[in-house]
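Computed from the coordinates by the stated procedures, all read-outs in this text should not be read as laboratory data. Just so it is clear, the structure is predicted and the values come from calculations on it, not from any experiment. For neighbour counting, all protein chains shown are included, and Cβ atoms are generated from backbone atoms with ideal geometry for every residue, glycine included.
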Amino acid sequence: MLRTHLTILETSARRAPSAIAFKVPESDVSGSISRWRDITYSQFLSDVELTASHWSRVFLREGIPERSVIGLWMGGYSYSDLVNLYGVSRAGFIPQLFSLRLPNADVILELLMKTGARALIYEDSFESALQSWPLHVFRAGSIELAAGRSSIDLPPLPSVQKEEIAFYFHTSGSTSGSPKLVPCSFQWLESTIRKSDQICAPRERGGLDIAVWAGSMCHIFQNFMLIGHLQHNACIIQPLANPYTSEQLVDIIQYCGLNRLNIFGSFLSNHLRNSRLDPKFLSKLASLDEIIYTGLPLPREEEAWAYSNGIKLRNVFGSTEVGALLVSIGGSGLDAGLLRPTEGVAYKFAPIASSAAVAGPHVSTARLLELIVLAESPDCPDVSLRNPDDGDFHTGDLFQEVAPGCYVSEGRDDDWIKSESSLRCNTKAIEDNARAMCATLISECVVVGNGRPNPILVVEPGIGVDNNDKLRVDIMRKIRQFHSRRYLHERIGSADMILVVPRGSLPRTATKGNIRRKAVEELYQFQIDKIFSVSR
């Protein structure tokens, strides 16, 4: 029988029913945390089953059969969100997950139509946008978990087939105006369970870790880490805010006993910068058994500084489609930051054409390799996401092999950047739209913003066009409709996010004259920093 997130929960609750599964903050009238409420594994299982009974009753009343797709449009940062997700799954339905970072109801409906979804569970803030929907819609609300079981008895967990769908996620960047569906099969889920078990195993044999909520349950990383920690009866702390400040992190370490930190690389960078100025905070970070980070890689100087100051890092290199792909060796040796595949997968690293030219001067003598997930690998994504020519999944991520079986990342071969929360943004789509809509206003443009909350559109004005505030407003007016359909992290949300530079000033390659995105980012770093300091 294939393992699932639900069998993992049942097994862990039987093994250690009184172990603390979650610490949930309770705040006072001032918004400060008054205490942390403990939720045991047995209570978590009971809450999931009660929620499953609730949704079984609701869907039965509406004539929605089991194995139907049910959308969940929610923040994904709270215990109640998690219980709703696992409850829908336990009731025998297929969750399709949308985060609040995708606030366009029309796009949500289009994606639900693609999966044949029968209903949507949503947070209150979107009620007005859903009044005329053709689907059943239900407010998530707060299910009364203390009310006892409903009259519906849940059947035992059914056996599942490896090719059946367990979840639908979505890419964090939009293609052709909409995110792509990421169907996740039970075979993929079994592979995720195996990989997350390896990554989340306690550093001390027999120990019970205390970790922290890493992101939204509507995205892969938090789901992956939660499944890993559940297998080891770890405790997960729900922070008061996400991302949390360095002061809040200190409180979590001090009052909750945090020893394993899961975090996105861009947020970790902020904490590392603060720790350079605060020896007490640095000692707190160094006291952790491990810091697992993902998304944007740390700058190599920053990573080296962390290792030299006793901070125990491990980099999990992953993607929405696959989950974790590579994991750094960790420890304190010279090879601590090198990446290796997890056990039980089938990957290959294929040389790319003209790798020396693509790599740039810092790796001009090295061979760049693209990471490819082979079709026979149990974590290979759905066939709809694979290369149609060879049936494999081409990640587009480039690496150098610096020792046998050990790799360092050298970026991507496409036109995507990652936001500060490690969500992807399709720069080419934004640039193409700007060129099409603003042909008389701009002569050239490029999108930058790697590691930033939002992208920045950098433009050179067209011939005879004045560089003034009106130009930025006119550009924004023409591109606004396109951006209204995009995730918040990939939107040009206002004219303030448009930077106009002199004609011909954008750095270009010598041969083809292509704009060098990274060079633009470096050249205009001061102006970009200023934009975000004002916007925040």
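Brief remarks on what is shown
- For segment 247-315, the Kirkwood estimate of the hydrodynamic radius, built from every pair of different alpha carbons, is 11.9 Å.
- Taking amide H positions as modeled 1.01 Å from N, with prolines and chain starts lacking one, the residues under 5 Å from Arg508 and 5 or more places away or on another chain are Arg516.
- DSSP-defined antiparallel bridges as percent of all bridges, the chain, nearest 5: 60 percent
- Sorting Met217, Met476 from the fewest to the most surrounding beta carbons within 10 angstrom yields Met476, Met217.
- Segment 312-414 - charge dipole about Cα centre, Lys and Arg +1 at Cβ, Asp and Glu -1, debye rounded to 20: 460 debye
- Label point distance in nm, Ala304-Arg480, each placed 7 Å from Cα along Cα→Cβ: 4.9 nm
- The order of Ser419, Ser12, Ser42, going from fewest to most other C-beta atoms within 10 Å of their C-beta, is Ser42, Ser12, Ser419.
- Simple rule: put +1 on each Lys or Arg Cβ and -1 on each Asp or Glu Cβ in the chain, find the dipole, and look at Leu135, Leu189, Ser269; the Cα lying farthest toward the positive end is Ser269.
- The charge dipole of segment 399-447, taken about its Cα centre with unit charges on the Cβ atoms of Lys, Arg (+1), Asp and Glu (-1) only, comes to about 160 debye.
- Whether segment 312-414 is rounded, prolate or oblate, judged on the alpha carbon gyration tensor where a/c under 1.5 counts as rounded: oblate
- More than 15 angstrom apart: percent of Cα pairs within segment 277-338: 51 percent
- Given +1 at the Cβ of Lys and Arg, -1 at the Cβ of Asp and Glu and no other charges, the dipole of segment 1-95 around its Cα centre is 260 debye to the nearest 20.
- Neighbour-count order for Leu135, Leu369, Leu268, fewest beta carbons within 10 angstrom listed first: Leu135, Leu369, Leu268
- The chain: radius of gyration over Cα atoms, expressed as a fraction of 2.2 N^0.38 Å: 0.99
- Of the residues Leu385, Cys406, Ala336, the one whose Cα sits farthest toward the positive end of the charge dipole of segment 312-414, with +1 on the Cβ of Lys and Arg and -1 on the Cβ of Asp and Glu, is Ala336.
- Gyration tensor verdict on segment 417-535 (Cα atoms; rounded if a/c is under 1.5, prolate if a/b is larger than b/c, oblate otherwise): rounded
- Among the listed pairs Lys428/Lys518; Lys280/Lys418; Lys312/Lys348; Lys195/Lys284; Lys114/Lys478; Lys312/Lys518, those with a Cα-Cα distance over 20 Å are Lys280/Lys418; Lys312/Lys348; Lys195/Lys284; Lys114/Lys478; Lys312/Lys518.
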